[in-house]
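Right, one structure below, let's go through it.
The values are calculated or read from the model by the stated rules, or taken from the named source; none is laboratory data. Just so we're clear, the structure is a prediction, and the values are computed from it rather than from any experiment. Counting neighbours? That spans all protein chains shown, and the Cβs are built from the backbone with ideal geometry, glycine included. These area figures cover heavy atoms from the full protein model, side chains too; ligands, DNA and RNA do not enter into them. Shrake-Rupley method; radii C 1.70, N 1.55, O 1.52, S 1.80 Å.
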Amino acid sequence: GQSLEQPSEVTAVEGAIVQINCTYQTSGFYGLSWYQQHDGGAPTFLSYNGLDGLEETGRFSSFLSRSDSYGYLLLQELQMKDSASYFCAVREGYGQNFVFGPGTRLSVLP
Amino acid sequence: NAGVTQTPKFRVLKTGQSMTLLCAQDMNHEYMYWYRQDPGMGLRLIHYSVGEGTTAKGEVPDGYNVSRLKKQNFLLGLESAAPSQTSVYFCASSYLEGSYEQYFGPGTRLTVT
């Protein structure tokens, strides 16, 4: 099976850069994805890494190192609206069985 | 497009009662999923479907049943509700096999007393 670990909370100030880490243990790996969820809202897709390296989408970037079983989400130029929970997720096996991490709650302070 | 919709938004059940949650998507997606999210935790997959007429078990299937009679709809049933099933239930859909971009509905908050 799969297990994922993330820090439970991260705090940063507006305009700063923050990195949210995700480590995983898998029996088979098919890529790492990231989702954002505001309080009371639904998760929304942010990014996906299937291969090693950095993927950039505006202020958000995601990195993957398959040899280290590690990835991170990098948020730049933080804004108050980035205060939310962030989840990493992997797919287990060839099926559609997705496993989500416990989530990291990001608080952006003025 | 409405995307993914869920009915109802809130529900309170007594232990032992049954109910069905409805998920509908208008994006012609093949894959649909039901997750539960407990307070302060991540999402756990209950069941999923890779196409009309198909269903499969996820991580936490016990106590739930599902059906996918039409491509656009995915139903989640609780036959005999238990307090441990108090949670927020999210439905999601995706277009391609193995696609990591899942589109989520707004959720159903279920309380079992």
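Counting only residues 5 or more places away or on other chains, whose amide H sits under 5 Å from the amide H of B:Val66 once H atoms are built in the peptide plane?
For B:Val66, whose amide H was placed from the backbone, the distant partners under 5 Å are B:Gly77.
Take the Cα gyration tensor of chain B, multiply each eigenvalue by 5, square-root it, and list the three semi-axes largest first, rounded to whole angstrom. Please list the in-between numbers first.
Values: eigenvalues 99, 37, 35 Å².
Output for chain B: semi-axes of 22, 14, 13 Å.
Using a 1.4 angstrom probe and counting only protein chains, how large is the accessible area of A:Thr26 in Å², to 10?
Ignoring ligands and nucleic acids, A:Thr26 comes out at about 50 Å².
Once every Cα of region A:1-94 carries one equal point scatterer and solvent is ignored, give the base-10 log of I(q)/I(0) from the Debye formula at q = 0.11, 0.25 Å⁻¹, two decimals.
Treating every Cα as an identical point scatterer, log10 I(q)/I(0) equals -0.30, -1.41.
In region B:62-113, which trypsin sites (Lys or Arg not before Pro) are in a loop and have at most 12 other Cβ atoms within 10 Å, using DSSP for the loop call?
On the way: sites: B:Arg68, B:Lys70, B:Lys71, B:Arg109; in loops: B:Arg68, B:Lys70, B:Lys71.
For trypsin sites (Lys or Arg not before Pro) across region B:62-113 that sit outside H, G, I, E and B with at most 12 neighbouring Cβ atoms in 10 Å, the list reads B:Lys70.
Round to the nearest 0.05 the FRET efficiency obtained for B:Lys9 and A:Gln79 when R0 = 30 Å and r is the Cβ-Cβ distance.
Values: r = 29 Å, r/R0 = 0.95.
According to the calculation, E is roughly 0.60.
Please list A:Val90, A:Val10 from largest to smallest accessible area, probe radius 1.4 Å, with all protein chains kept in place. If you can, show how the numbers build up before the last one.
On the way: A:Val90 0, A:Val10 25 Å².
The ranking, largest first, comes out as A:Val10, A:Val90.
Using each residue's phi in region A:63-72, evaluate 6.51 cos²θ - 1.76 cosθ + 1.60 at θ = phi - 60° and report the 3J(HN,Hα) Karplus result to the nearest Hz, with x for Gly and Pro.
These are the phi-based 3J(HN,Hα) values: 10, 9, 10, 5, 5, 9, 6, 8, x, 8 Hz.
Can you list residues from other chains, or at least 5 along the same chain, whose modelled amide H is less than 5 Å from the amide H of B:Tyr31?
Counting only residues 5 or more places away or on other chains, the set is B:Ser94.
Residue-wise, which Karplus ³J(HN,Hα) couplings in Hz belong to region B:106-113, taking 6.51 cos²θ - 1.76 cosθ + 1.60, θ = phi - 60°, and x for glycine or proline?
Using θ = phi - 60°, the values come out as x, x, 10, 8, 10, 10, 10, 9 Hz.
Whenever you get a sec, compute what percent of the accessible area on the protein assembly as shown sits on carbon and sulfur atoms (1.4 Å probe). All intermediate terms of the calculation are to be shown ahead of the outcome.
Details: 5240 of 10490 Å².
Carbon and sulfur: 50 percent of the exposed surface of the protein assembly as shown.
Keeping all protein chains in place and using 1.4 angstrom, which order do B:Met19, A:Met80 fall into by accessible surface area, from largest down? Let's see the in-between values first.
On the way: B:Met19 15, A:Met80 85 Å².
If we order B:Met19, A:Met80 from most to least accessible, we get A:Met80, B:Met19.
Quick one: how many Å² of B:Arg11 are accessible to a 1.4 Å probe, rounded to 10?
Probe radius 1.4 Å; accessible area of B:Arg11 about 100 Å².
Using protein chains only and a probe of 1.4 angstrom, how many square angstrom of A:Glu5 are accessible, to the nearest 10?
Only protein atoms counted, so the area is about 130 Å².
If each of B:Asp26 and A:Ser27 carries a label point 7 Å out from its Cα toward its Cβ, how far apart are those two points in nm?
So the label points at B:Asp26 and A:Ser27 sit 4.1 nm apart.
If I model a spin label as a point 7 Å beyond the Cα along the Cα-Cβ vector, how far apart are those points for A:Ser107 and B:Leu69 in nm?
Here the modelled spin labels are 4.9 nm apart.
Contour minus end-to-end for B:Tyr95 and B:Ala82, with contour as 0.36 nm per residue of separation and end-to-end as the Cα-Cα distance? Could the numbers behind the result be given before it?
Details: separation 13, 0.36 × 13 = 4.68 nm, distance 3.31 nm.
Full extension of this stretch gives 1.4 nm more.
How are the alpha carbon pair distances in the protein assembly as shown distributed across 5 Å bins from zero to the largest one, expressed in percent?
Percent of pairs per bin, in order: 1, 7, 15, 18, 19, 16, 12, 7, 3, 1, 0.
Counting only heavy atoms of the protein chains, get the accessible area per residue of chain A (1.4 Å probe) and round it to a whole Å² value. Can you show the working numbers first?
On the way: 5110 Å² over 110 residues.
Ligands and nucleic acids excluded, the figure is 46 Å² per residue.
Quick one: buried accessible area between B and A, total over both chains, 1.4 angstrom probe, nearest 100 Å²? Before the final figure, lay out the partial values.
On the way: alone 6260 and 5960 Å², together 10490 Å².
In total, this chain pair buries about 1700 Å².
In region A:1-38, whose amide N lies under 18 Å from the spot 7 Å out along Cα-to-Cβ of A:Ser69? List them in ranges.
Backbone N within reach: A:1-7, A:21-33.
Which cross-chain or sequence-distant (5 or more) residues have an amide H under 5 Å from the amide H of B:Thr86, H modelled 1.01 Å from N in plane?
Here the answer is B:Val112, since their amide H atoms fall under 5 Å of that of B:Thr86.
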